[in-house]
1. Within the stretch 70-87, is even one residue over 22 Å from Gly137 (Cα atoms), part of a loop (DSSP other than H, G, I, E, B) and open to solvent by 50 Å² or more (accessible area, probe 1.4 Å)?
2. Against the definition (assigned to a helix (DSSP H, G or I) and open to solvent by less than 100 Å² (accessible area, probe 1.4 Å)), how does Glu64 come out, yes or no?
3. Scanning the stretch 32-58 for residues that are modelled with pLDDT under 85 and among the basic types (Lys, Arg), which turns out most open to solvent (accessible area, probe 1.4 Å)?
4. Check off (1) surrounded by 13 or more Cβ atoms within 10 Å (Cβ to Cβ); (2) under 20 Å from the mean Cα position of the chain (by Cα); (3) touching a residue at least 12 places away in the same chain (Cβ under 8 Å) for Thr25 and give me the number that stays unchecked.
Amino acid sequence: MRDFFDIMESLDIYDQNLHHKTENTYRFTNGSIVEFFSVDDAQKLRGRKRDIVFANEANELSFEEFQQLNMRTTKKFILDFNPSDNYSWIYDLKNKNNSILIKSTYKDNPFLEDTIIKEIENLINVDEGYYRIYALGEQAILKSAIS
């Protein structure tokens, strides 16, 4: 949510009169609404339908939470995540006919600061698994997962 409003302000298109802070919504002049909510509120999952859902760090969603949102989403469900889990229900979605997998890495983000880029690239010296996940966007087994 913070990133959304920072971007809106940097583009000089933020209008505080369209931002309903109590409800965590932003209503554009064309009637479109962006609503920010946490999945720890079951009513938000089972509430009204939505045209589009964007789930940040979607691997934190349980399959049940995903299903509740997906059943009420009429157009698109966009998930972003780092492939840091050895197993996740998300990995099964790539086999569905109506799914599209877009693999991107930090190199696809022109807005990253140099300090973050250096930190990501240095992961090769810290933990190969972290490097594969966060630099290459690949599934990996972390050293901490090996016992």
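The values are calculated or read from the model by the stated rules, or taken from the named source; none is laboratory data. On a predicted model such as this, the values are computed, not experimentally measured, just so you know. FYI the Cβ positions are ideal-geometry reconstructions off the backbone, even for glycines, and counts take in every protein chain you see. Just the protein is used for accessible areas: all its heavy atoms, side chains included, with ligands, DNA and RNA removed. Shrake-Rupley method; radii C 1.70, N 1.55, O 1.52, S 1.80 Å.
1. Yes: the stretch 70-87 contains one or more residues that are over 22 Å from Gly137 (Cα atoms), part of a loop (DSSP other than H, G, I, E, B) and open to solvent by 50 Å² or more (accessible area, probe 1.4 Å).
2. Values: assigned to a helix (DSSP H, G or I): yes; open to solvent by less than 100 Å² (accessible area, probe 1.4 Å): yes.
Against the criterion (assigned to a helix (DSSP H, G or I) and open to solvent by less than 100 Å² (accessible area, probe 1.4 Å)), Glu64 qualifies.
3. Arg48
4. (3)
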